[in-house]
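Coordinate-derived values only; no laboratory data. Since we're looking at a predicted model, the values are computed, not measured. Every residue, glycine among them, receives a Cβ derived from its backbone with ideal geometry; neighbour counts consider all protein chains shown.
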2 protein chains.
Amino acid sequence: MTRAYKKSASMRELLLDTAEALFAERGFHGASVRDITETANVRNASINYHFESKENLFLAVIERRIEPLAALRRERLLETKPDPAEPETSVRHIVRSFAEPMLDFAAHGGPGWKNYCVLIAHLAVQKQWGENTVTRKYDDHAHLFLEALQSTFPDADSYRVHCCFQFLLSTTLYAVCNNE
Amino acid sequence: MTRAYKKSASMRELLLDTAEALFAERGFHGASVRDITETANVRNASINYHFESKENLFLAVIERRIEPLAALRRERLLETKPDPAEPETSVRHIVRSFAEPMLDFAAHGGPGWKNYCVLIAHLAVQKQWGENTVTRKYDDHAHLFLEALQSTFPDADSYRVHCCFQFLLSTTLYAVCNNE
DNA sequence: ACAAAATTGAAACGTTCGTTTCATTATATA
DNA sequence: TATATAATGAAACGAACGTTTCAATTTTGT
């Protein structure tokens with residue numbers, strides 16, 4: 001019994017963790033199935049057995065931490081209603097509700113979360129993961145923040161609001177990626 | 001004579017342009033040699049003939065626009081000396097000297113420059129291109145801006161200055177990537 | 001404890017990868 | 001124009017890719 005895993009659920013998580021790290025380091029195409037399985041010390045067939053395909057594994061990696069992150073962001077955001085009368089405090093609240101959960105997870109959520117955030121940064125510049133369940137979930141909870149921003153500035157051009165949100169997203173991701 | 005190219009130098013630039021676009025869209029590992037040559041309507045052997053290897057082609061793509069960008073940034077930066085007595089105007093000058101050349105190239109330098117900037121954004125999150133001629137050139141002209149920031153705030157912690165520069169770099173890259 | 005289901009070990013599958021080869025054609029030099 | 005050099009066309013190379021197969025083994029439910 002010198003194996004690094006024990007049984008099914010552990011195997012799934014071992015593969016998810018390893019893939020998460022390698023996808024974050026080298027991107028989807030840069031990390032091969034054999035890279036992942038050899039790093040995890042398992043047979044290369046196990047990825048196809050547990051996830052059907054490499055792409056499904058990738059989506060599962062993304063999927064795994066979407067809801068915890070989105071939930072925490074939602075929870076923080078809904079603590080206070082957007083108030084056009086106090087735009088500064090409102091914006092500050094929106095920004096912190098969006099950025100801090102990811103920064104906190106990356107800093108204190110363990111190495112998996114750190115890798116995950118870097119992986120999300122990859123997706124932000126590489127658009128090749130078109131419409132699917134994963135990106136739709138992200139867009140859903142991003143929409144909450146867009147609405148909050150728009151409610152804070154009811155007269156603002158929606159394109160401009162969208163740009164502001166993109167700036168918030170970009171800055172958050174890079175803040176996560178660039179603190180060694 | 002229905003070919004898309006004429007002779008040697010044109011072939012090199014055709015390959016550079018096509019590779020630039022596909023590397024920006026899909027990353028280094030996501031764009032294959034055959035993807036590039038078929039998009040350019042040339043034989044797949046031509047990349048190895050003109051650039052020896054796929055990696056050399058990639059480095060050549062990066063290299064091609066480094067100096068024009070760095071030169072313009074340097075030129076703008078050196079128009080004014082950093083002045084600790086007027087930190088606000090100094091910082092504004094440093095930020096604009098760094099960001100605007102890239103934004104201008106991306107906006108008005110043709111599609112090649114746009115692709116190039118997206119490609120640089122890839123490199124910023126994907127660190128797998130360790131010490132080489134290319135990254136060293138980038139670090140060199142980045143150092144100029146770090147020094148300018150440090151001169152503006154002589155008493156500031158150098159780590160903090162470094163973080164500010166990273167923020168500047170990140171924001172610039174994302175501004176380039178996210179305006180459709 | 002036994003039958004059924006799930007998982008692993010080991011090997012091979014066909015495809016695509018980056019690269020190499022070499023004969024042929026085009027270009028440049030004298 | 002003759003000759004050397006450079007570039008292209010077409011095909012093939014071995015290696016690595018993601019995936020599939022199937023017998024052996026372990027786990028699960030009764």
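Normalised by the number of residues in chain B, what is the relative contact order in percent for Cα pairs under 8 Å and 6+ residues apart? Display every interim value, and only then the final one.
Values: 152 pairs, mean separation 44.5, N = 180.
Once divided by the residue count of chain B, the mean separation gives 25 percent.
Say a label goes 7 Å from Cα toward Cβ at B:PRO84 in every copy; what distances in nm does this one have to the rest, shortest first?
Going from nearest to farthest copy, the values are 4.8 nm.
Using a 7 Å offset from Cα along the direction of the beta-carbon, what are the separations from B:ARG34 to the same position in each other copy, nm, ascending?
Nearest to farthest, the other copies are at 1.8 nm.
Scan chain A for the residue whose Cβ is closest to the axis carrying it onto chain B, then write down that distance in whole angstrom.
A:HIS29, 2
Using θ = phi - 60° and the Karplus curve 6.51 cos²θ - 1.76 cosθ + 1.60, what whole-Hz ³J(HN,Hα) does each residue of the stretch A:42-48 get, with Gly and Pro shown as x?
Couplings: 9, 5, 5, 6, 5, 5, 5 Hz.
So if we plug the beta-carbon distance of B:GLU13 and A:GLU86 into 1/(1 + (r/R0)^6) with R0 = 56 Å, what FRET efficiency do we get, rounded to 0.05?
0.50
Any chance you could check the Cα centroid distance between the stretch B:107-143 and the stretch A:72-134 for me, in angstrom?
When both Cα centres are located, 26 Å separates them.
Explain nothing, just compute: Karplus ³J(HN,Hα) = 6.51 cos²θ - 1.76 cosθ + 1.60, θ = phi - 60°, for every residue of the stretch A:79-95 in order, whole Hz, x for Gly and Pro.
Karplus values, whole Hz, x for Gly and Pro: 5, 9, 7, x, 9, x, 6, 10, x, 5, 5, 5, 4, 4, 5, 4, 4.
Using a Förster distance of 35 angstrom, determine the FRET efficiency expected from the C-beta separation of A:ASN48 and B:ALA107, and round it to 0.05. Write down the numbers at each step before the final one.
Values: r = 45 Å, r/R0 = 1.29.
Calculated value: 0.20.
Expressed as an acute angle from 0 to 90° and rounded to the nearest 10, what is the orientation of the C-alpha long axis of helix B:111-125 relative to the principal long axis of chain B?
Long axis of B:111-125 versus the principal axis of chain B: about 70 degrees.
What's the local net charge at A:GLY27, with K and R +1, D and E -1, over the other residues with C-beta under 12 Å away?
Details: positive: A:ARG26, B:ARG26, B:LYS127; negative: A:GLU25, A:ASP35.
Once all neighbours under 12 Å are counted, the net charge is +1.
Count neighbours as other Cβ atoms within 10 Å of each site's Cβ, and list the GluC sites (Glu not before Pro) in the stretch B:1-89 that are DSSP loop with at most 13 such neighbours. Can you show the working numbers first?
Working: sites: B:GLU13, B:GLU20, B:GLU25, B:GLU38, B:GLU52, B:GLU55, B:GLU63, B:GLU75, B:GLU79, B:GLU88; in loops: B:GLU52, B:GLU79.
Here the GluC sites (Glu not before Pro) that fit, given the DSSP loop and packing criteria, are B:GLU52, B:GLU79.
Can you give the charge dipole size of chain A about its Cα centre, rounded to the nearest 20 debye, using +1 on the beta carbon of Lys and Arg and -1 on the beta carbon of Asp and Glu? Working shown, then result.
On the way: 21 positive and 24 negative charges, 156 e Å.
Taking the Cα centre of chain A as origin, the dipole is about 740 debye.
Would you kindly work out, in nm and rounded to one decimal, the distances from the label point of A:LYS127 to those of the same position in each other copy, ordered shortest first, with label points 7 Å along Cα-to-Cβ?
When each copy's label point is compared with this one, the spacings are 2.8 nm.
Would you mind checking the radius of gyration and Dmax of the protein assembly as shown based on alpha-carbon positions, in Å?
22.5, 68
Select from A:PHE28, A:THR89, A:PHE105 the residue farthest towards the positive end of the dipole of the stretch A:21-180; place +1 on Cβ of Lys and Arg, -1 on Cβ of Asp and Glu, and compute about the Cα centre.
A:PHE28
Calculate one ³J(HN,Hα) per residue across the stretch A:146-161 by plugging θ = phi - 60° into the Karplus curve 6.51 cos²θ - 1.76 cosθ + 1.60, and present them in order as whole Hz with x for glycine and proline.
Per residue, the Karplus-derived 3J(HN,Hα) values read 4, 5, 4, 5, 5, 5, 6, 10, x, 8, 6, 4, 5, 5, 5, 4 Hz.
DSSP loop (so not H, G, I, E, B), at most 14 other Cβ within 10 Å: list which trypsin sites (Lys or Arg not before Pro) in the stretch A:65-153 pass both filters. Show your work: numbers first, answer last.
Working: sites: A:ARG65, A:ARG73, A:ARG74, A:ARG76, A:ARG92, A:ARG96, A:LYS114, A:LYS127, A:ARG136, A:LYS137; in loops: A:LYS127.
Here the trypsin sites (Lys or Arg not before Pro) that fit, given the DSSP loop and packing criteria, are A:LYS127.
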